[in-house]
2 protein chains.
Amino acid sequence: MTLDRMFHALSDGTRRAMIERLVRNPASVSDLARPFEMSLPAVVQHLAVLEAAGLVTSQKIGRVRTVQLAPEALTAAGTWIGQQRIPAERQLDRLGDLLSTTPER
Amino acid sequence: MTLDRMFHALSDGTRRAMIERLVRNPASVSDLARPFEMSLPAVVQHLAVLEAAGLVTSQKIGRVRTVQLAPEALTAAGTWIGQQRIPAERQLDRLGDLLSTTPER
C-alpha cells in the first residue's frame, strides 16, 4: 500500500535528511552520500526505499545517477495527516469534561 | 527519535484505521478491536505502538481501558511534511528545463 511504504520511508532520520536536501535541488548519489557517515551501498539502499515509496525519482546520465524529489511526493501522506484533525469544538468539549471532573479544592 | 516512531506507527494500515476511528471520539480497546479480524493481543500491540509514538493516550477505569487521540498528535509529522514543499517557482524552472531539452519535431 502506498501510504504504508511512504510512512515507512519517512520513519528513518537519514532518509528524511535526504529529502530535506533534495527539496533544495536535485543531487547526485555521491552528493547525497557526503553528509552521512555510511557506505555508498547503504546510501543506495536508503534511496531505493525512497524511490519505491514514490518520494524520489532518479535517472542515470553517463556514470552519474541524479536523484530528485518527486513533485507530488509527500502529498498523499500530508493529505492523510490533514484529515485526522479533531474538530476544534470537540476538543473544547473534552476540556470542558476535564474541568467539570476536576475535584474541587 | 519522535518522528521515527511517529512515521513508523503510521506505516501500518490497521494503525491508521484506528486513528481514523479515534478522530470521531475516544473508544474502548474492544470497540477498537471490533472492525479488525485480529486477536485482542494483536490489537493491544498496535495500540502500544501508537501510544509509544505519542499519537494516543489511554486510561483504565475499572476494567475498561479507553483510548483517545492525543490532541496535538500528528502535528509534528504534519509540520515536517509541510516543510518539504518545493517552492512553486523552482517547479516551474524544472518544467522550463524539461521543455527546453525536449527534442524539436
Report task. Identify the single condition in (1) away from every other protein chain (no Cβ under 11 Å); (2) open to solvent by 20 Å² or more (accessible area, probe 1.4 Å); (3) part of a helix (DSSP H, G or I); (4) farther than 14 Å from B:PHE7 by Cβ that A:GLN59 does not satisfy, given that it satisfies every other one. Result -> (3)
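Yes/no matrix, rows are residues, columns are (1) open to solvent by less than 80 Å² (accessible area, probe 1.4 Å); (2) at pLDDT 90 or above:
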| site | (1), (2) |
| --- | --- |
| B:HIS8 | no, yes |
| B:GLU20 | no, yes |
| B:ASP31 | yes, yes |
| B:ALA42 | yes, yes |
| B:ALA48 | yes, yes |
| B:VAL64 | yes, yes |
| B:LEU92 | no, no |
| B:LEU95 | no, no |
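The values are calculated or read from the model by the stated rules, or taken from the named source; none is laboratory data. These numbers were taken from a predicted model, which means no experiment stands behind them. Here the Cβ is made from the backbone with ideal geometry for all residues, glycine too, and neighbour counts use every protein chain on show. Just the protein is used for accessible areas: all its heavy atoms, side chains included, with ligands, DNA and RNA removed. Shrake-Rupley method; radii C 1.70, N 1.55, O 1.52, S 1.80 Å.
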